[in-house]
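Below is one structure, written out as structure tokens, with a few remarks after it.
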Amino acid sequence: MEGDCLSCMKYLMFIFNFFIFLGGSFLLGVGVWVLVDPMGFREIVAANPVLFTGVYVILAMGSMLFLLGFLGCCGAIRENKCLLMFFFMLILFIFLAELAAAILAFLFREHLTREYFSRELKRHYQGHNNTDVLTSTWNAIMTTFDCCGVSGPEDFDESLFRLLSPTKMVPEACCQGNSYPGDVSMEQCVSGSMVFRHNKGCYSAVVDYFEMYIYTAGALAIVVLTIELFAMVFAMCLFRGIQ
């Protein structure tokens, strides 16, 4: 009876990790295809900082799932204690990293306030400097979410940006998508015209965007954590059952 139970657990764990392996392979394939695609899609992604970062996130997730699935499949079907232990340790590391991220997010929640972001924007945003991480990140956010500043264009009053560019009221990233450098609408936008710029603050724009997916993300997080816990239990039971 004990042998039948162990055999059932072994094949269940193999099937479970085989799907993880396939998912990781798919994500890796998509990430590599985007980076080496000769049809020009790579240039489109590289032009958008958010998409460019997303490709490497997909590659990292794909690699992790690929390795996780491989260790789980091989460890289960071969009943190899070493591979099962590696699988358990990797799952445990991922679980602890997620737990640590949740704790840090809770402890530093006061740093996610509108006032904090406004203060940082005024102190450090430079406008055109793409080598500065904060500046390029804000440019990507304002372009992606069609917004300007944290609470609105007034956030750039008495800011580092205004000191560096005294003739501009707002940066080009605040201008509407049909504006381009040298265009009349772009010039009117940066000089303060409300017609050609985005007037909604990025804090509200981002919050409104993620509110649509908050319940889906929460449910997905619970499912992932549950799967990880079951995977650790399966691995340990199989590990202890192997002679």
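Using 0.36 nm per residue and subtracting the Cα-Cα separation, the extra length available between Ala101 and Ile227 on full extension is 43.5 nm.
Taking only protein heavy atoms and a 1.4 Å probe, the accessible area of segment 114-200 is 55% carbon and sulfur. Note on Ser204 and Leu134: the extension gain reaches 23.3 nm, defined as 0.36 nm multiplied by sequence separation minus the Cα-Cα distance. Heavy atoms of the protein chains alone define the surface here; on that basis segment 114-200 has 54 Å² accessible area per residue at 1.4 Å probe size.
Evaluated with a Cβ-only charge set (Lys, Arg +1; Asp, Glu -1), segment 114-200 carries a dipole of roughly 120 debye about its Cα centre, given to the nearest 20.
In this simple spin-label model, placing a label point 7 Å from the Cα along the Cα-to-Cβ direction at both Cys8 and Val32 gives a separation of 3.9 nm.
Applying the Karplus relation 6.51 cos²θ - 1.76 cosθ + 1.60 with θ = phi - 60° to segment 72-77 yields 3J(HN,Hα) values of x, 5, 5, x, 6, 6 Hz, where x marks Gly and Pro. Given their separation in residues at 0.36 nm each and the Cα-Cα distance between them, Phe18 and Arg119 gain 31.5 nm when the chain is fully extended. Taken about its Cα centre, segment 62-127 carries a charge dipole of about 180 debye when Lys and Arg each add +1 at the Cβ and Asp and Glu each add -1 at the Cβ.
The values are calculated or read from the model by the stated rules, or taken from the named source; none is laboratory data. From a predicted model like this one, the values you see are computed outputs, not experimental measurements. Positions of Cβ are generated from backbone atoms using ideal geometry, with glycine treated the same way; all protein chains shown enter the neighbour counts. Note: areas computed on protein heavy atoms with side chains; ligands, DNA, RNA excluded. Shrake-Rupley method; radii C 1.70, N 1.55, O 1.52, S 1.80 Å.
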